[in-house]
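To start, the structure itself, in C-alpha cells.
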Amino acid sequence: MLLSGTHVMEGSGRMLVTAVGVNSQTGIIFTLLGAGEMEEDAKEKKGKQPDGTVENNQNKAKKQDGGVAMEMQPLKSAEGGEVEDRERKKTNVPKKEKSVLQGKLTKLAVQIGKAGLVMSAITVIILVLYFVINTFVVKGRSWLAECTPIYVQYFVKFFIIGVTVLVVAVPEGLPLAVTISLAYSVKKMMKDNNLVRHLDACETMGNATAICSDKTGTLTTNRMTVVQAYIVIFFFFKVTVHHRVIPDPGLVNPRTLDLLVHAIAINSAYTSKILPPDVEGGLAKQVGNKTECGLLGFVLDLQHDYAPVREQIPEEKLYKVYTFNSVRKSMSTVIRLPDGTFRLYSKGASEIMLKKCSYILDANGEPRSFRPRDRDEMVKQVIEPMACEGLRTICIAYRDLSPNPEPDWENEAEIVTELTCISVVGIEDPVRPEVPEAIRKCQRAGITVRMVTGDNINTARAIAAKCGIIHPGDDFICLEGKEFNRRIRNEKGEIEQERIDRIWPKLRVLARSSPTDKHTLVKGIIDSSVVEQRQVVAVTGDGTNDGPALKKADVGFAMGIAGTDVAKEASDIILTDDNFSSIVKAVMWGRNVYDSISKFLQFQLTVNVVAVIVAFTGACITQDSPLKAVQMLWVNLIMDTFASLALATEPPTEALLLRKPYGRNNPLISLTMMKNILGHGVYQLIIIFTLLFIGERMFNIDSGRNAPLHSPPSEHYTIIFNTFVLMQLFNEINARKIHGERNVFDGIFSNPIFCSIVLGTFAVQIVIVQWGGKPFSCAPLNMEQWLWCLFVGVGELLWGQVIATVPTERLPCLKEAGLGLEPGEEEGEELAEDEEEIDCAERELRRGQILWFRGLNRIQTQMRVVKAFRSSLYEGREKPESRNSIHNFMAHPEFLINDLIHNIPLIDDTDVDDESELSRYQHLHPALRKPPPPPTQPPARTRPMRPYRQYSLPVTPCNRNNNNNSSSSGSVTPPSSQSPPHKHHRTRHGRDRPANPATSNLFHLYCVETSL
C-alpha cells in the first residue's frame, strides 16, 4: 500500500498512475474543502447561519462523488467540525517569516516612521499656533462667522503640510525595494543555474560564512570511470582517460572474468546503462547511477557486453535485492542458479566489504583463504594508494549459498558475509575545472568551504587538495565519521556543543559520514558561540537522507539533476546544473541584494532628511512649505518607486567577493553611508535655504514667501522645486556606490533600467515644470534658470568627490544605524516564532487527524467486507492470521527532523553495515512504537510460489529488524520477522503477502488510497 502524500525513501519499481489532480482522492478532498470555504464565506457575508454551508457542501459533494461525499462532510463531533471551523480562521492568517535583512529594515523603518510622525505633528502644531497667535493675539482680530471658511482652509492647508511631511518621512518604499531586488535577483539567478524556492534565501546567502558541500557531482563532474583495477596479483592502471591501459582479458582467468562481468551486470540497477554518444567521436552517455555506469564501462573496456547477461537474467528473475543505502554502504543481489543453488553478488565500499570477505580468487580463479593479515596488506598496498590519488575504491565479491535449508533472507548480516573477493577497482571522478577557482573566490570572500562526503578519507583528502579546500602547511583537520562521533560525544553517548566547538573551526573534510553526521555538524556550527558573529551555513545535498541537514541549514542547496524530490522540497535553492560554481554566483547575488537595499537607503534617507527639514523649517519661518503637497508627492514617487526600480536592479560584480560577509548583527547603514547621507544633505540644505531666502534677488524675480492663500504659482518656489528634484537625480548616481568608491559611473550602462529611469524622470520633470501649472504649483522657467538648476544638480557629483576624500575615521561624530536585533530581542523573537510554529503544527495535525480518521473509516469498512468474504472462502480450512487493523499491513517510513534528539550510537569498529540507528526513534510517541499483536502459530513450511525481489525499506520502528540483525530494547519486531519466513513472503515492493495462492489473489482484490 502506498499512502498519498508520502515519499518513497528507498528502492525502485514501476508505477501505474490512475488519477491525477482533481480526479485523485486528494484532489477531491481539496475541491470539497475549497467549495465549503467559499460557500461559508458567502454565507457569513449575508449574515446567515453557517449550518447552511454544511448542507450545501454535502449537496455539492454528493453531486461529485456520492461515496466520497459522505466521508468528506464536515464533522460535528467534539474533535470535528466545530474545532475545524474555529481553527480555520487562525490557519488562514499567514505566518510572517523575517530574514536578517527584513528584520533590520523593519526596525529601521519603525524608527524613521516615528521620527517622521513626531516631525509632522510638531509642524502642524507650530503652524496652527503661529497662525492663531499672529491672527487673534498680535493683530487682535476676532473670530467672525463670515471668516470661518477662510480659517478652515488655513487649518486644512496646515494639516495637508503635516501629512505631506509624514508621507515623505515614512519610507514606504523599503518593502517595495526589497521585493523588487529579490524578484529581480531570482529571475536573473535562473540564468546562473540557481532555482530559488524561498525568496529570503537569496539575501541570506549573501551573509554565508560556511559552505558544507558534497563531493560527488558538486565538486566533481560525476562522470565515473574505472582507471585502476586489482585482480589477484595483477595491478593495472592508466594515467589519463585518453591514454588508459586496459587489462588484456587473455591475462585474466576466464572464470574470474566471467564472475566479474556477471557481478557488475547483475548487481546494478537495470536502469543504469551506457548509451552511444549523441555526437560522433564524443563520450558515451551515462544513464542512471554514475558509479554503476563507471563499472559498466569497465565491463565494456574488458571487451565484454553486459546486455546479454541482463537478457539472460532479466530483472524479474532476481531473487532478492539489498539496495544501497547510507547505512550499509553496499548493494547485494541474489539469483538462483540452474542447479537450484543461490549466488549472491555484492559490491560496496572497499574497506567495509573486505571485512566481510573470507576468501579471494587466486590466479586460477579458485577461492583461497583471505585472512585479516592479507586484508591489512591489501588496504596498505592497494586501497590506500588508490585513495591517495583521489580514486573511489569499490570491492566486488560474491558468495554461493545452499538451498537446503534455504537461508533466512531477512537476516542480512548472516547472508552478506564470508564473501569471496573478485576485484577491487578504483573509480576516478575528475574535479570540475571551474571548481578550484570558485573555491578560491569563496575563501577570498571570507567563506569557509568544507567537504562532507561518504568516500574514503584518503580519497576525500586528495580531492580536497585538488579543489583547494586544504593546502599543504595549513592547520586543518580531516576526520572520518566514526572519529567525528567519538570526539563530539561524552561517555553517555550524548553530543556536547563544547566538544563540537573544539573541532569545527579547523575541520575541512568529513569523510565516511552519514547524513546524521552532516546534520550534527551543521547544527553544531549554527549553535556555536565561539566566534563573535553567528555562523550562516549553506549546505548542499542530493539524497533523501540529506533532508534534515538541508532543512537545518540557513540556506539548503539541492541538486537539480541528481537530487531526490525529498531533498528538493527541503531545500531553499536548487542547483539546476549540480555545480559548485553556481553556489558562488548565489553568494554574489545575495550580497548584491544587500548592497542594492543599502544603495536605496542611502539615496532615500538623504531625500528624507532634506525634504523633512525643508518642509519643517520653511513652514515655521514662512508659514508655508517651499515644497507643495503635490510636489512632495512627486518627490516621494521619485525616491520610492523609481529609485527602488533603478537601484535594486544593479547587476552583481566580482568586486562583491573581495570583502568579508556583513554579518547578522552588523548595521545596515555603515559609517561611510552615514557620511554620504549627511554630507549630501548639508549640500542640498545649503542650496535650498539659499534659494529660499535670497533666490529672488539672485534671479531678479518676485519672492514667493508669505504669498496669499490662493496666489498663483511663483517662479521663485518653482526654481526651488526644480533644483531640489535635479539634485536628487544626480545624487541617485552618487548612491550607486556605498563603499567610498570614486568612479560612480562604473558599470552604469550595464543597467539599462537605471539609465531609463533617470532619463525618464528628467523628461517628466521638464513637462511638470513647463506645463504643470497650478495643479503642480509650477511656473514655466526660461533657459537661464534651467541651466542654473542643472549646474547646481551637477554640483552633487562634484560634492560627492569631496565627500569621498574625507576619511571616515576622521569623523568620530558619525554613528551607524540599522543595527541588527539585540541578542535577547532576537532570542525572544525566535521563541515567539517557535511557539507560532508549534501552534500551526498542532492545527495542521488536528486537521490531518480528521482527514486520517475519515480515510481510516473507509479503509476499515472495506477491510470488513474483505474479511467477510475471506471467512466464507476459508470455511472448513485453517484461517490465516487475522489482521484487525490497517496498521498491521504497513510500515511507516519516518522522515524526522528533531534538533533535540541526538541519541545516535557510536560507529562500531568492526563493520559499518551492522550499525543500527535505533535510538533515533526512541522519541516517537508510544503509540507509534507499540508492537503489533503476537503472530499465531505458523503452519508447516512451504516453498514460495515464485522468486521474489525485495527492496529493503529504511530503518523505521516497523521494519527495523528487517534491515538490521542486531536487536535492542527499543526495537519493534513485526510479525513477519518473528515468524519463520514461510508464513508471509515479501513481495517485490517490500510488503507482506500470504503464501497461500488464494489468499494472495484476495490480497489484490482492493486498492486503497488515502491522504495524510
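The values are calculated or read from the model by the stated rules, or taken from the named source; none is laboratory data. All values reported here derive from a predicted model rather than from experimental measurement. Cβ sites come from the backbone with ideal geometry, for glycine too, and all protein chains shown count toward neighbours. These area figures cover heavy atoms from the full protein model, side chains too; ligands, DNA and RNA do not enter into them. Shrake-Rupley method; radii C 1.70, N 1.55, O 1.52, S 1.80 Å.
Starting from the 7 Å offset along Cα-to-Cβ, what nm value, one decimal, do you get for the label separation of Thr808 and Ile150?
Once both label points are built, they end up 5.6 nm from each other.
Dipole size in debye (nearest 20) for the stretch 592-661 around its Cα centre, Lys and Arg Cβ +1, Asp and Glu Cβ -1?
Values: 4 positive and 5 negative charges, 25 e Å.
In debye, rounded to 20, the stretch 592-661 gives about 120.
Tell me the accessible surface of Lys355 in square angstrom (1.4 angstrom probe, heavy atoms of protein chains only), to the nearest ten.
80 Å²
Just read off the accessible area of His304 with the full protein assembly in place, 1.4 Å probe, to the nearest 10 Å².
Rounded to the nearest 10, that gives 70 Å².
Tell me, what is the Rg over Rh of the stretch 225-428, with Rh the Kirkwood radius over Cα pairs? If you can, show how the numbers build up before the last one.
Numbers: Rg = 16.5 Å, Rh = 17.4 Å.
Using only Cα positions, Rg/Rh for the stretch 225-428 is 0.95.
Please give the peptides 464-471, 749-756 ranked by average Cβ packing (other Cβ atoms within 10 Å per residue), highest first, as a rough proxy for protection. Let's see the in-between values first.
Values: 464-471: 19.6, 749-756: 13.8.
Put in order of decreasing packing, that is 464-471, 749-756.
Considering only Ser350, Tyr319, Gly281, whose Cα is most displaced toward the positive end of the charge dipole of the stretch 225-428, charges sitting on Cβ of Lys, Arg (+1) and Asp, Glu (-1)?
Ser350
Can you tell me the dipole magnitude for the stretch 520-582 around its Cα centre, using point charges on the Cβ only (Lys, Arg +1; Asp, Glu -1), in Debye to the nearest 20?
Roughly 220 debye for the stretch 520-582.
Net charge near Asn490: determine it from the other residues with C-beta under 11 Å of the C-beta of Asn490, scoring Lys and Arg +1 and Asp and Glu -1.
Details: positive: Arg486, Arg487, Arg489, Lys492, Arg499; negative: Glu491, Glu494, Glu496, Glu498.
Surrounding charge for Asn490 is +1.
By average Cβ neighbour count within 10 Å, what is the ranking of 596-604, 493-501 from highest down?
Details: 596-604: 26.4, 493-501: 15.2.
Put in order of decreasing packing, that is 596-604, 493-501.
In whole Å, how far is the Cα centre of the stretch 348-404 from that of the stretch 111-170?
92 Å
Can you tell me the length gained on complete extension of the stretch Thr622 to Met15, counting 0.36 nm per residue apart and subtracting the Cα distance? It would help to have the intermediate numbers written out before the result.
On the way: separation 607, 0.36 × 607 = 218.52 nm, distance 8.06 nm.
Here the segment from Thr622 to Met15 would lengthen by 210.5 nm.
Which order do you get for Tyr359, Tyr151 if you rank them by accessible area with a 1.4 Å probe, largest at the top? Let's see the in-between values first.
Working: Tyr359 100, Tyr151 20 Å².
From most accessible down to least: Tyr359, Tyr151.
Report the calculated FRET efficiency for Glu494 and Ile526 (r = Cβ-Cβ distance, R0 = 22 Å), to the nearest 0.05. Walk me through the numbers before you get to the answer.
Working: r = 18 Å, r/R0 = 0.84.
It comes to 0.75.
Taking H placed 1.01 Å from N in the peptide plane, check which residues at least 5 places from Leu419 or on another chain put their amide H under 5 Å from its amide H.
Those qualifying (amide H under 5 Å, at least 5 residues apart or on another chain) are Cys357, Ser358, Tyr359.
Please list, ordered by chain and number, the residues whose modelled amide H lies under 5 Å from the amide H of Ile477; skip anything fewer than 5 residues away on the same chain.
HN-HN under 5 Å from Ile477: Leu507, Arg508, Val509.
Tell me, what ³J(HN,Hα) does each residue in the stretch 266-281 have, in order and in whole Hz, if you take phi through Karplus 6.51 cos²θ - 1.76 cosθ + 1.60 with θ = phi - 60° and put x for Gly and Pro?
These are the phi-based 3J(HN,Hα) values: 7, 8, 9, 4, 5, 7, 7, 7, 10, 10, x, x, 5, 10, 4, x Hz.
Given the pairs Lys441/Lys660; Lys482/Lys506; Lys585/Lys737; Lys215/Lys482; Lys355/Lys506; Lys285/Lys380, which span a C-alpha to C-alpha distance of over 23 angstrom in this model? Provide the component values of the computation, followed by the final result.
Values: Lys441/Lys660 11 Å; Lys482/Lys506 17 Å; Lys585/Lys737 21 Å; Lys215/Lys482 19 Å; Lys355/Lys506 31 Å; Lys285/Lys380 34 Å.
Exceeds cut-off: Lys355/Lys506; Lys285/Lys380.
Ordering Met353, Met15 by how much accessible area each has at a 1.4 Å probe, largest first, what is the list? Kindly include the intermediate steps, with their values, before the conclusion.
On the way: Met353 0, Met15 155 Å².
Solvent-accessible surface, decreasing: Met15, Met353.
How much length, in nm to one decimal, is gained on full extension between Met698 and Glu784, taken as 0.36 nm per residue of separation minus their Cα-Cα distance? Could you put the intermediate results ahead of the total?
Working: separation 86, 0.36 × 86 = 30.96 nm, distance 1.20 nm.
Stretched out fully, the Met698 to Glu784 stretch lengthens by 29.8 nm.
Okay, which of the stretch 578-597 sit inside 16 Å, backbone N to the point 7 Å along the Cα-Cβ direction of Leu658?
588, 592
Mind checking the full-extension length gain between His198 and Leu300? Use 0.36 nm per residue of separation minus the Cα-Cα distance, one decimal, nm. Spell out each step's value before the answer.
On the way: separation 102, 0.36 × 102 = 36.72 nm, distance 4.46 nm.
Length gained between His198 and Leu300: 32.3 nm.
Could you run the Karplus curve 6.51 cos²θ - 1.76 cosθ + 1.60 with θ = phi - 60° over the stretch 440-448 and give me ³J(HN,Hα) per residue in whole Hz, x for Gly and Pro?
For the stretch 440-448, the Karplus curve yields 4, 5, 4, 5, 5, 8, x, 10, 8 Hz.
If you plug each phi of the stretch 729-746 into the Karplus form 6.51 cos²θ - 1.76 cosθ + 1.60 with θ = phi - 60°, what whole-Hz ³J(HN,Hα) values come out, in order, with x for Gly and Pro?
5, 6, 5, 5, 5, 4, 5, 5, 10, 10, 10, x, 5, 8, 7, 7, 8, 5
Solvent-accessible area per residue for the stretch 100-169 at a 1.4 Å probe radius, Å²? Mind showing how you got there, number by number?
On the way: 3790 Å² over 70 residues.
Computed with neighbouring chains in place, this is 54 Å² per residue.
Give the ranking of Trp771, Trp634 by solvent-accessible surface, highest area first, calculated with a 1.4 Å probe.
On the way: Trp771 185, Trp634 25 Å².
Result of the area sort, largest leading: Trp771, Trp634.
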